[in-house]
4 protein chains.
Amino acid sequence: MDSATYVGVIGAGECTDLTYKTAQNLGFEIGKRGWILVCGGLGGVMEAAAKGCVEAGGMTLGILPGSKRNSANPYIRIALPTGLGEGRNLLVVRASDVLVAISGGYGTLSEIALALKAGKPVIGLETWEHIQGIQYVSTPDEVIEKIMKFD
Amino acid sequence: MDSATYVGVIGAGECTDLTYKTAQNLGFEIGKRGWILVCGGLGGVMEAAAKGCVEAGGMTLGILPGSKRNSANPYIRIALPTGLGEGRNLLVVRASDVLVAISGGYGTLSEIALALKAGKPVIGLETWEHIQGIQYVSTPDEVIEKIMKFD
Amino acid sequence: MDSATYVGVIGAGECTDLTYKTAQNLGFEIGKRGWILVCGGLGGVMEAAAKGCVEAGGMTLGILPGSKRNSANPYIRIALPTGLGEGRNLLVVRASDVLVAISGGYGTLSEIALALKAGKPVIGLETWEHIQGIQYVSTPDEVIEKIMKFD
Amino acid sequence: MDSATYVGVIGAGECTDLTYKTAQNLGFEIGKRGWILVCGGLGGVMEAAAKGCVEAGGMTLGILPGSKRNSANPYIRIALPTGLGEGRNLLVVRASDVLVAISGGYGTLSEIALALKAGKPVIGLETWEHIQGIQYVSTPDEVIEKIMKFD
């Protein structure tokens, strides 16, 4: 079995250009290291991270809420339509060894909570504040440093 | 079909006597009105609310994380073992018309987030603070008042 | 906790008058004994069994594929919208101590298979033939006799 | 998005050498064509098909019942622990454009039924007999021919 680290990147389905760039940079660093990017497969942060990862030659797994594969963004290499709606959030968490939250709304908050409940590390970058257990950082580089310590 | 209101009560599986009493009082008010109590079926806040509801002659539905029915607390009338682990949290949300969060840890936070994501009202009583969207109150009576407005 | 037997009745969402009558009779016998009827909450066999059960004063749990409670048939006392589509079939199985298959298509076949996989008794009445493991009978009375032996 | 065909191979977790060889040959043909192999990630037919696919340089997605990634067989490139038990069977079906059943017990039967219910093609090779809707064939080559017609 592939012993690569699976990094879940969770965040808003729509985001500012600045957040997009941050997520894309993070995705690039993930792909460069041969880690596998896990995400919800849609737009915004999910798309940006997948784009960066693929640009670095990396692998991306998109776990989709709907039952149609073609709802995945163009940078998803393996698209898994689940038909579970927000139920797929739990699968994003279970598929990931570590999660990075970038911005995000209630869906992201549910993933943060499920990850912390499962005892998985959650790194936060400009996301939900004051959640005990999140390891807050300020840059993609710091995210990578943190992940390398778990690895 | 039964047109009763389904009230989800979510909260910690272990709690103080004071919190237990609060949840039990709330459960009693729910049962008294013929509303159906939905919860995760285990101990702490879930047990207290179910106890209060049954004492008022009400109906309780416990949606369990495990696959054994006998993990339900003694006040659950209908026990549904799901075998989905924390995946059952989404079902608690989907089964409820309105949710009340009392204290609680990460599991409760995931339910709050999933409920708000689904656009369902979430009433908070001594629970996760500073979550935008939660309607914070201070007593079981205020919870009931709020629910009666949605009803 | 309620130690009642939970009987899952699975079958086609549309059926002939004869099959409807059979399922209704079975539901009546289930309700009469204080057993809890579990089903998929929709029409045909599910509705007929729930109708019979309610007519005998019994309790009915409908585990719905969609996310709207009002898709339940009028004889469902506790309606659980799951939003999981056919994923709810597994929950019908997990909620039941014993299952009875009456007629049915592919959805029913999936429930039969999941129940047998879980080691639960499956009683078949005019349903999928030649499935090893199903205990085939010819009348609702024989179903009840079989369940009483497990009980 | 990757427009590859996703082929689900479903079958027993333990199998004879002959069945293993058949599944491995099929996996090789799948991998050779750049199709993505989806399976339940465990042993027997799942392992054999994944082994063949990887030997042809192909991609394999294993959707696991448990919550530990290391339960995957050694030929799974992307391992998704779901923690859903047999609930993962539905995800194998939803992730696949077409399914091939080789031998198999009740778990496989549940996947066949869920796939047919979803209107997806199911090709059968020495598997459950007399299930209306399965397209029965006798060799891996015939499986490939059938898939190429859908493709």
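The values are calculated or read from the model by the stated rules, or taken from the named source; none is laboratory data. The structure presented is a predicted model; accordingly, all values stated were derived computationally and were not measured. Ideal geometry is used to build each Cβ from the backbone, glycine not excepted, and the neighbour counts take in all protein chains shown. All accessible areas refer to the heavy atoms of the entire protein, side chains included, with ligands and DNA or RNA removed. Shrake-Rupley method; radii C 1.70, N 1.55, O 1.52, S 1.80 Å.
When the surface is traced with a 1.4 Å probe over the full set of protein chains, B:His130 keeps roughly 150 Å² accessible.
Distance distribution note for the protein assembly as shown: the fraction of Cα pairs above 49 angstrom is 11%.
Can you tell me, using C-alpha contacts under 8 Å and at least 6 residues apart, the relative contact order of the range B:69-142 as a whole percent? After rounding, I find 24 percent.
Cross-link pairs exceeding 22 Å between alpha carbons, from the set B:Lys21/B:Lys68; A:Lys117/D:Lys68; A:Lys117/C:Lys120; D:Lys51/D:Lys149: B:Lys21/B:Lys68; A:Lys117/C:Lys120; D:Lys51/D:Lys149. Net charge in the neighbourhood of A:Tyr20 (other residues with Cβ under 10 Å of its Cβ; Lys, Arg +1, Asp, Glu -1) is -1. Taking every DSSP helix (H) stretch of at least 4 residues in chain A, weighting each as -39,500 (n - 2.57) and dividing the sum by the residue count yields a mean residue ellipticity at 222 nm of -12000 deg cm²/dmol.
Computed 3J(HN,Hα) for the range C:77-91, one whole-Hz value per residue from the Karplus formula 6.51 cos²θ - 1.76 cosθ + 1.60 where θ = phi - 60°, is 7, 10, 10, 10, x, 9, x, 9, x, 5, x, 5, 4, 4, 5, glycine and proline marked x. In plain terms, the bigger the Kirkwood radius, the slower the diffusion; for chain B, with that radius from Cα pairs, at 37 °C and 0.692 mPa s, Stokes-Einstein puts D at 225 µm²/s. The accessible area of C:Asp17, taken with all protein chains in place and a 1.4 Å probe, comes to roughly 130 Å². If you average the C-alpha positions of the range D:9-34 and of the range B:74-151 separately, how far apart do those two centres end up, in angstrom? The two parts, judged by their Cα centres, are 47 Å apart.
Remark: the range B:11-27, residue by residue, has Karplus-estimated 3J(HN,Hα) of x, 5, x, 9, 8, 6, 4, 5, 5, 4, 5, 4, 5, 5, 4, 5, x Hz, where x stands for each Gly or Pro and the curve is 6.51 cos²θ - 1.76 cosθ + 1.60 at θ = phi - 60°.
For chain C, the relative contact order is 23 percent, taking Cα pairs closer than 8 Å that sit 6 or more residues apart in sequence and dividing their mean separation by the residue count. Sorted shortest first, the separations between the C:Thr16 label point and its copies elsewhere in the assembly read 4.0, 6.6, 6.7 nm; each point sits 7 Å from Cα along the Cα-to-Cβ line.
Exposure check, 1.4 Å probe, all protein chains in place: B:Tyr136 carries approximately 100 Å² of accessible surface.
For the range D:114-131, the Karplus equation 6.51 cos²θ - 1.76 cosθ + 1.60, evaluated at θ = phi - 60°, returns couplings of 5, 5, 5, 4, 7, x, 8, x, 10, 9, x, 10, 6, 10, 3, 8, 6, 9 Hz by residue, with Gly and Pro reported as x. Result for chain B in a Gaussian network model with C-alpha springs under 10 Å: among B:Glu47, B:Glu126, B:Glu111, the largest mean-square fluctuation is at B:Glu126.
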